[in-house]
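Right, one structure below, let's go through it.
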Amino acid sequence: APAPLSAAQLRRAHVEALLAQGEPPPPAAELRQSGGYEALHDIVHDPRVAPGTRARALGAMAELDDARGIAELHDVLNAPDSSPLFVRTALFGLARAQGAAAVPDVAARLDSPDTTIRIAAAEALGQIGGPDARDALQKQLDAEIDPDVRAALQRALAKAAP
């Protein structure tokens with residue numbers, strides 16, 4: 001018979017089950033009761049876990065009021081080898097968790113060579129809104145040549161409250 005699971009393993013399994021339910025992220029209170037940051041961190045960094053589940057765990061870090069999760073989202077943005085899926089997740093997570101304070105970090109990704117990251121940054125800035133987000137979107141729209149990114153920038157500008 002297999003060895004019984006430890007308390008930490010049980011908490012992680014419960015968090016994985018919550019994440020398997022898809023979007024939106026599980027409520028912060030439920031995540032905290034089920035292992036919180038530690039369980040999410042273990043899932044994000046376990047290469048045996050499917051990339052989609054790992055990305056949902058990363059995004060769920062934004063729901064917690066835990067500086068370690070916010071730092072991890074920033075680490076993903078700053079790591080040169082982060083997958084576009086993880087960068088996209090980190091952009092939306094920071095937008096949710098930090099609002100206007102995330103504008104400089106999110107806007108910096110408007111210069112990414114990857115169009116999916118530029119589109120995600122535009123969408124995240126549109127969600128944040130406010131004058132700084134609008135300024136960053138307009139500046140990028142003036143310089144952007146990719147039609148898909150331009151369309152995302154225009155949608156984000158229309159969505160972003162002044």
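The values are calculated or read from the model by the stated rules, or taken from the named source; none is laboratory data. The model shown is predicted, which means the values in this text are computed figures rather than measured ones. Positions of Cβ are generated from backbone atoms using ideal geometry, with glycine treated the same way; all protein chains shown enter the neighbour counts. What goes into the accessible areas is simple: the full protein's heavy atoms, side chains included, and nothing from ligands, DNA or RNA. Shrake-Rupley method; radii C 1.70, N 1.55, O 1.52, S 1.80 Å.
Numbers for the structure displayed
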| quantity | calculated |
| --- | --- |
| Some residue of region 88-101 being of a type in the set (A, V, I, L, M, F, W, C) and at pLDDT below 90 | no |
| Matching helices (runs of 4 or more DSSP H) fully within region 1-95 where at least 3 residues are open to solvent by 30 Å² or more (accessible area, probe 1.4 Å), more than 27 Å from ASP111 (Cα to Cα) and in contact (Cβ under 8 Å) with a residue 24 or more places away in the chain | 7-20, 36-44 |
